[in-house]
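Notes follow the structure.
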Amino acid sequence: MKQSYAGPALKAVHKGSYAGLPATFQKLHAVVAARGYEPAGAPWDEYVTDPGKTPEPELVTNVVQPVKPAAN
C-alpha cells in the first residue's frame with residue numbers, strides 16, 4: 001500500500017480497447033499543457049469495467065493526471 005495523491009487533477013475517460021490508452025494519455029497531456037498546468041506526479045489509470053465480463057469496445061478506463069500551475 002502507498003499513500004494516494006491529494007490535490008488537483010485532470011481526468012479523461014477512455015472507452016474501448018486498452019490498446020488505445022496511449023493515445024488517451026497523449027491527449028490528456030495536451031489538455032494539461034493547454035490549460036496552463038504541468039504534471040504534479042505520475043498519471044494513473046482506473047479500470048472501471050471488468051475486461052472478463054465487458055466486450056472490448058465497451059471497456060471504460062479513467063486516466064488521471066495530477067496537476068499544478070505551470071512555472072513561468
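Mind checking which aspartates and glutamates have their Cα closer than 14 Å to the Cα of residue 15? Skip sequence neighbours fewer than 8 apart in that chain. Within the straight-line limit of under 14 Å, residue 15 reaches these aspartates and glutamates: 45, 46, 50, 56, 58.
Can you work out the FRET efficiency for the pair residue 13 and residue 38, with r the C-beta to C-beta distance and R0 = 25 Å, to the nearest 0.05? The calculated FRET efficiency here is 0.70. In this calculation the C-beta distance from residue 30 to residue 6 is compared with R0 = 22 Å, giving a FRET efficiency of 0.35.
The calculated 222 nm mean residue ellipticity attributable to helices in the chain amounts to -6500 deg cm²/dmol, summing -39500 (n - 2.57) over DSSP H runs of n ≥ 4 and dividing by all residues. Remark: C-alpha extents of the chain on the principal axes read 46, 30, 13 Å, sorted largest to smallest. Distances between placed amide hydrogens fall under 5 Å for residue 9 paired with 67, all partners being 5 or more residues away or on another chain. For residue 14, the residues 5 or more places off, or on other chains, whose built amide H falls under 5 Å of its own are 61, 62, 63.
Only the coordinates and a few stated rules stand behind these numbers; no lab work does. In this text, all values refer to a predicted model and were calculated from it rather than measured experimentally. Glycine also receives a Cβ, built like all others from the backbone with ideal geometry; neighbour counts cover every protein chain displayed.
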